[in-house]
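K.L.:
Let me give you the structure first, and then I'll get to my questions.
Read the figures in this text as sums done on the coordinates, not as results from a lab. All values reported here derive from a predicted model rather than from experimental measurement. Here the Cβ positions follow ideal geometry from the backbone for every residue, glycine too, while neighbour counts run over all protein chains shown.
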Amino acid sequence: MSKKNDDFFVEKKPWSEVKDQLLGCYLKPYVTKILHTRKPLVYVDCFAGKGKFGDGEPGSPLIALEIMQECLASTKIKDVRIHSAFIDLNYADDLRTNLRDYHDVSIVSGAYEDNIDKLLQNKTTCNVFLYIDPYGIKALDCLKFDTFANGQFNTIELLINMNSFGFIREACRVMEAEFKVDDSNFFEDLVEYDPTELNATKESFEALNRIAGGDYWQEIITKYKSGEIDCYKAEECFSEKYCRRLSRNYAYVLNMPIRIKQNQHPKYRMIHATNHPDGCVLMADNICNRWELLKDIQSRGQLTLFQEDFNNQIIDEFTIKERVIEHFSQCNTWISLTEAEAIFYVKFGVICKSGEIAKVLKTLEKDERLEVIRDPSSTEKGKSSTFMAEGHGKTVRVKWVR
């Protein structure tokens, strides 16, 4: 059972601010778009906490509910339905108090792993969004994530907070490897409500296998233990392989490293998983749009998210163009632009907005290196269409020419 740690909710920490900003800024365009499916939306905050911090700052439940309320008030689509559920083991009563002004909300007292299946029963025609920000790593059962992707829902999206360094730390403990970092203050911001502590037992190996979705992590720790790689490389390798494991059941998985301070190694990963290319592209654009906000946060000595690839290399216009050409030159048959962009982000990470990809593609089209089919093919004034983005009744298909 999770321990009760009241101090965790006394004030909103910088890390919580960043997580909630990423969630909130994605939810608004996501909900607006998903309502057009005319299917119900089921939103579940799997580790909801109290809903509000002691300093009055809203937690993820209040942020999500406010956004969904705004979307319902502004949409012209009739008979749309959103049902929200908030799970917490210790603070259901606080949630009921803090969320009392909102309707069609379920408060579930108990553990996520014990309640999520029941919550999602009979939701086969719904769009489901799960926000999974666990108190520790032990609740992140990858096999459970597999079952969510079995086609039972109209759409399914996961936004997971993976404490990747927390996993490496416990994996070292289980495999009896000394865990060392260069920065003596490294774990200062690596905050968990209920830290996972394992030991060298068969049960602990099995627990980490469930979290990771396999035993691939053991090879990584073996390399770390032998000195072949350091702990930072071990975290990077684990995150990459974890996303690859999720990709068995989710076509589009984005790995978003978040650093506490500039020039630091990432301590956490926000991972977005979906089988819908438009959701992937929407999330990628959301991350890019938040860079300025995160820079502002970082300037106060807090967190930031950098415009870098998985190797922590700064991305410039030349690199973007180079990678767009590398990717789209493989599109030898017609493909939806959104699908091609989603695959691009999975391959290279969130290195730019979709609009920057479109800019390069228009140049390639002008140079007759890319063929484009647009629907509608012409404007209301009879001119040829030039848009390079899908949505709002517009579709784009592309194919490489040479």
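K.L.:
Highest mean first, what order results for 165-172, 48-55, 382-389 on Cβ atoms within 10 Å?
P.N.:
Result, highest mean first: 165-172, 48-55, 382-389.
K.L.:
What list of ³J(HN,Hα) couplings, whole Hz, do you get for segment 362-369 from phi and the Karplus terms 6.51, -1.76, 1.60, once you set θ to phi - 60° and write x for glycine and proline?
P.N.:
Calculated HN-Hα couplings, in order: 5, 5, 5, 5, 4, 7, 6, 9 Hz.
K.L.:
Eigenvalues of the Cα gyration tensor times 5, then square-rooted: what semi-axes does that give for segment 317-400, in whole angstrom, largest first? Provide the component values of the computation, followed by the final result.
P.N.:
Numbers: eigenvalues 94, 34, 29 Å².
Those come to 22, 13, 12 Å.
K.L.:
Looking at segment 6-299 only, what percent of DSSP beta bridges run antiparallel? Nearest 5 please.
P.N.:
Details: 14 of 35 bridges.
That works out to approximately 40 percent antiparallel.
K.L.:
Shifting gears a bit: Rounded to whole Hz and in sequence order, give me ³J(HN,Hα) for segment 323-334 from the Karplus expression 6.51 cos²θ - 1.76 cosθ + 1.60, θ = phi - 60°, writing x for Gly and Pro.
P.N.:
These are the phi-based 3J(HN,Hα) values: 6, 4, 5, 4, 6, 6, 5, 8, 7, 7, 10, 4 Hz.
K.L.:
Between Lys359 and Asp117, what is the label-point separation in nm under the 7 Å Cα-to-beta-carbon projection?
P.N.:
Label at Asp117, label at Lys359, 5.0 nm between them.
K.L.:
Hey, what do the phi angles of segment 175-182 turn into as Karplus ³J(HN,Hα) couplings, whole Hz, using 6.51/-1.76/1.60 and θ = phi - 60°, x for Gly and Pro?
P.N.:
Karplus-based 3J(HN,Hα) across segment 175-182 equals 9, 6, 10, 6, 9, 10, 10, 6 Hz.
K.L.:
State the extension gain, in nm to one decimal, for the chain segment bounded by Thr222 and Asp146, taking 0.36 nm per residue of separation less the distance between their alpha-carbons.
P.N.:
Answer, rounded to one decimal: 24.7 nm.
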